[in-house]
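Report on the structure given below.
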Amino acid sequence: MKPEVSLGATFDPDLPKHALGDPLRFRQVVQNLVSNAIKFTEAGSITIHSSLVDEDETSFIVQTEVTDTGVGILETVAQDELFSPFTQFVWAPLLFYAFSGGRCSGATAKTCISASEIR
């Protein structure tokens with residue numbers, strides 16, 4: 001991380017102390033988002049914030065946001081292209097692979113698998 005960039009985190013005091021879920025996948029998603037923010041932020045800040053959005057007797061929704069002062073992308077590009085499905089072919093002399101999936105990172109795909117939402 002560049003010296004001109006500060007990193008901070010805030011947590012809602014109402015967050016549950018314990019939860020059932022997949023901490024490894026959650027950590028991978030947040031690490032991927034923070035890693036991308038670090039790569040594309042030349043100066044300014046990166047902030048991680050987690051808050052309790054909703055809860056009832058059996059479940060709750062936690063929202064975790066990673067915001068930065070980096071260059072970003074246009075919202076129309078993110079909606080129209082970043083999350084659209086694709087097929088990619090890789091050709092090597094002895095190898096031929098076809099990949100299918102979304103244009104977003106592996107972290108996003110993992111988030112989608114666990115019925116989460118990434119915006």
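The values are calculated or read from the model by the stated rules, or taken from the named source; none is laboratory data. Since the model is a prediction, treat every value here as computed from it, not as a measurement. All Cβ positions, glycine included, derive from the backbone under ideal geometry; neighbour counts span all protein chains shown.
Residue check: is Val77 outside any loop (DSSP other than H, G, I, E, B) and at pLDDT 90 or above? Reasoning before the result, please.
Numbers: outside any loop (DSSP other than H, G, I, E, B): yes; at pLDDT 90 or above: no.
No; evaluated as a whole, the condition is false for this residue.
Would you check if Val62 is farther than 18 Å from Met1 by Cβ and not basic (Lys, Arg)? Explain how you work it out, then say what you get.
Details: farther than 18 Å from Met1 by Cβ: yes; not basic (Lys, Arg): yes.
Spelling it out, Val62 is indeed farther than 18 Å from Met1 by Cβ and not basic (Lys, Arg).
Tally up the residues in the range 47-74 that are of a type outside the set (Ser, Thr, Tyr), in contact (Cβ under 8 Å) with a residue 24 or more places away in the chain and assigned to a strand (DSSP E or B), please.
Summing the residues that are of a type outside the set (Ser, Thr, Tyr), in contact (Cβ under 8 Å) with a residue 24 or more places away in the chain and assigned to a strand (DSSP E or B) in the range 47-74 gives 8.
How many residues are within 12 Å of Gly70 (Cβ to Cβ) and assigned to a strand (DSSP E or B) if we restrict to the range 1-46?
Looking only at that region, the number is 4.
Any residue in the range 5-14 that is at pLDDT below 90 and among the hydrophobic types (A, V, I, L, M, F, W, C)? Let's see the steps before the verdict.
In the first step, residues of the range 5-14 are kept if they are at pLDDT below 90; the result is none.
Among the residues of the range 5-14, not one is at pLDDT below 90 and among the hydrophobic types (A, V, I, L, M, F, W, C), which makes the answer no.
Any residue at all in the range 102-112 that is of a type outside the set (A, V, I, L, M), modelled with pLDDT of 90 or more and part of a loop (DSSP other than H, G, I, E, B)? Write out each step before concluding.
Taking the range 102-112 first, the residues of a type outside the set (A, V, I, L, M) are 102-106, 108, 110-112.
Now narrow it down to the ones that are modelled with pLDDT of 90 or more: none.
No, the conditions are met nowhere in the range 102-112.
Considering only the range 1-39, how many residues are hydroxyl-bearing (Ser, Thr, Tyr) and touching a strand residue (DSSP E or B) at 6+ places or on another chain (Cβ under 9 Å)? Walk me through it before giving the result.
Step one: list which residues in the range 1-39 are hydroxyl-bearing (Ser, Thr, Tyr), which gives 6, 10, 35.
Add one more test, that the residue is touching a strand residue (DSSP E or B) at 6+ places or on another chain (Cβ under 9 Å), and what stays is 6, 10.
The qualifying residues number 2.
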